[in-house]
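Q: Below is one structure. I have some questions about it.
What follows draws every value from the coordinates through simple rules; no lab data is involved. Because the structure is a prediction, the values reported are computed rather than measured. Every residue, glycine among them, receives a Cβ derived from its backbone with ideal geometry; neighbour counts consider all protein chains shown.
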Amino acid sequence: MKRYRAIWISDVHLGTTECKAEYLLDFLKNNTAETIYLVGDIIDGWALKKRWYWPQKHNDVIQKLLRKARKGSKVIYIPGNHDELGRQFINMTFGDIEIKND
């Protein structure tokens, strides 16, 4: 497994049929970092409001990120425009994932 100081992930759009969750899962299985930054549009709230779509692979991505946080990676989530719902949780921590404004 490759280890980095930081990994930046954005525009995943979980909750859409276009999301390539399996590629992200493969990446997360083979790479780790001191800090993982989730920088916007990880979950696509806009799409989910229109039509609920959440297959098991999308759960697997969330579980993998939670596991990385539990095992020592600092995971920081900065909501973007498609996941603006997360802004109401700024400065809170969920399962060792910190939600920040910037």
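Q: Once the convex hull of the alpha carbons of the stretch 9-99 is built, what does its volume come to per residue, in cubic angstrom?
A: Cα-based convex hull of the stretch 9-99, divided per residue, equals 82 Å³.
Q: Sort GLU18, GLU98 so that the residue with the fewest other Cβ atoms within 10 Å of its own Cβ comes first and the one with the most comes last.
A: Values: GLU18 8, GLU98 17.
Ordered by Cβ neighbours within 10 Å, fewest first: GLU18, GLU98.
Q: Which order results if LEU24, LEU38 are arranged by neighbouring Cβ count within 10 Å, fewest first? Write down the numbers at each step before the final one.
A: Details: LEU24 20, LEU38 25.
So the residues, fewest neighbours to most, are LEU24, LEU38.
Q: Give, as a single signed number, the net charge of other residues whose beta carbon lies under 10 Å from the beta carbon of TYR37, with Lys and Arg counted +1 and Asp and Glu -1.
A: Values: positive: LYS74, LYS100; negative: none.
Here the count lands on +2.
Q: LYS29: which lysines have alpha carbons under 25 Å from its alpha carbon, excluding same-chain residues fewer than 8 sequence positions away?
A: Within reach: LYS2, LYS20, LYS57, LYS64, LYS68, LYS71, LYS74, LYS100.
Q: I would also like to ask the following. Determine the distance separating the Cα centre of the stretch 52-90 from the Cα centre of the stretch 1-25; give it in Å without decimals.
A: If we compute the Cα centre of each part, the gap is 10 Å.
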